[in-house]
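S.K.: My structure is below; once you've seen it, I'll send some questions.
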């Protein structure tokens, strides 16, 4: 399993969620986040607002999910966002007690 954390411009959030759900992602978590990119000037106390979309997927869907996100989130300008991918060792559904890929 992989965890995808996609930081995108707030205006593209709904389109990104729709695109990854179309690929077959069951659920997502969305956070409002703020930050600065590595190439941004050091603005003390000033940050850019973005949305972070988090989902856990089965490994075979990784490339398709990344393509779906980039196809709708890319405007071709600086600040479109980032996608981070990490490995997930296991997952548990608290209510159903399902474990692993059946829990996502």
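The values are calculated or read from the model by the stated rules, or taken from the named source; none is laboratory data. Since the model is a prediction, treat every value here as computed from it, not as a measurement. Using ideal geometry, Cβ is built from the backbone for each residue, glycine included, and neighbour counts are taken over all protein chains shown.
S.K.: Considering only residues that are at pLDDT 95 or above and either touching a strand residue (DSSP E or B) at 6+ places or on another chain (Cβ under 8 Å) or farther than 30 Å from residue 11 by Cβ (or both), which ones fall in region 72-81?
M.R.: The answer is 73, and nothing else.
S.K.: Kindly provide the set of residues from region 45-74 that are surrounded by 11 or more Cβ atoms within 10 Å (Cβ to Cβ), without any contact (Cβ under 8 Å) to a residue 24 or more places away in the chain and under 16 Å from residue 5 (Cα atoms), ordered by number.
M.R.: Matches in region 45-74: 67, 70, 74.
S.K.: If we scan region 2-16, do we find a residue that is closer than 18 Å to residue 102 by Cα and in contact with a helix residue (DSSP H, G or I) (Cβ under 9 Å, 6 or more places away or on another chain)?
M.R.: Yes.
S.K.: Looking only at region 12-44, which residues are surrounded by 11 or more Cβ atoms within 10 Å (Cβ to Cβ), closer than 22 Å to residue 78 by Cβ and modelled with pLDDT under 95?
M.R.: If the condition is that a residue be surrounded by 11 or more Cβ atoms within 10 Å (Cβ to Cβ), closer than 22 Å to residue 78 by Cβ and modelled with pLDDT under 95, then 35, 36, 37, 40 are the ones that fit.
S.K.: Any residue at all in region 2-16 that's without any contact (Cβ under 8 Å) to a residue 24 or more places away in the chain and farther than 20 Å from residue 86 by Cα?
M.R.: Taking every residue of region 2-16 in turn, at least one turns out to be without any contact (Cβ under 8 Å) to a residue 24 or more places away in the chain and farther than 20 Å from residue 86 by Cα.
S.K.: Among the residues of region 82-104 satisfying the criterion of being in a helix (DSSP H, G or I) and surrounded by 10 or more Cβ atoms within 10 Å (Cβ to Cβ), which is modelled with the highest pLDDT?
M.R.: The qualifying residue modelled with the highest pLDDT is 100.
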